[in-house]
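Working notes, structure below.
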Amino acid sequence: MIQRTRSLGAQELEALRHIADHGPLTVRQMTETYGRTHSLARTTLLTTMENLRKKGFVTRQATEAGFSYTAAQPKEQVLESLVQEFVQRSLGGSLAPFVAYITRAQGLTDAEANQLKLLVQDLEQPTENEEEAP
């Protein structure tokens, strides 16, 4: 689980997704790709990337081209952590409203629906402790 000092803003979240998908990236590379398509200046991206680093979402390593930023965890874990934080903060820990939203979401692909079915099947499987109980 990522240790955070505070949650992410919308711009930080989008930048983190880009880094997770395309990293490691220098600030220059981030400016040439993400910054250009989102009309963000290099200084803004540097601040965003440093905020992500301070919050524990990305790490940086010195290279010949400057600092290179990489997501601290694989994208799936980052997203899972953000969903957990959302459920805790916004829904008081209750998954029911979140699941209700997912089941009614427009544009759910067949692959996503199948993935959800597999997750539900996993929930329905007894755990090892349950199987051992008399």
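The values are calculated or read from the model by the stated rules, or taken from the named source; none is laboratory data. Remember, predicted model here, so these are calculated numbers, not experimental data. Here Cβ is always computed from backbone atoms with ideal geometry, including for glycine, and neighbour counts include all displayed protein chains.
When Thr59 is tested against the conditions (1) surrounded by 15 or more Cβ atoms within 10 Å (Cβ to Cβ); (2) in a helix (DSSP H, G or I), the lone failure is (2). Say we look at region 16-29 and pick out the residues that are of a type in the set (A, V, I, L, M) and closer than 14 Å to Phe57 by Cβ; which of these is surrounded by the fewest Cβ atoms within 10 Å (Cβ to Cβ)? Selected residue: Ala20.
Within region 71-101, restricting attention to residues that are surrounded by fewer than 14 Cβ atoms within 10 Å (Cβ to Cβ) and of a type in the set (Val, Ile, Thr), the residue that is farthest from the chain's Cα centre (by Cα) is Val99.
Matching residues to (1) on the phi > 0 side of the Ramachandran plot; (2) of a type in the set (Gly, Ala, Ser); (3) touching a residue at least 12 places away in the same chain (Cβ under 8 Å):
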{"site": "Ser39", "(1), (2), (3)": "yes, yes, no"}
{"site": "Thr43", "(1), (2), (3)": "no, no, no"}
{"site": "Glu64", "(1), (2), (3)": "no, no, no"}
{"site": "Ser68", "(1), (2), (3)": "no, yes, yes"}
{"site": "Leu79", "(1), (2), (3)": "no, no, no"}
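Under 6 Å between Cβ atoms, at least 6 apart or on separate chains: pull out the pairs that start in region 1-15 with a residue that is assigned to a loop (DSSP other than H, G, I, E, B) and modelled with pLDDT under 80 and end on any residue that is among the polar types (S, T, N, Q) and surrounded by 10 or more Cβ atoms within 10 Å (Cβ to Cβ). Listed by first residue and then by second, the contacts come to Met1/Ser81; Ile2/Ser81. Between Ala20, Ala15, the distinction of being closer than 19 Å to Ala65 by Cβ, in contact with a helix residue (DSSP H, G or I) (Cβ under 6 Å, 6 or more places away or on another chain) and among the small types (Gly, Ala, Ser) belongs to Ala15 only.
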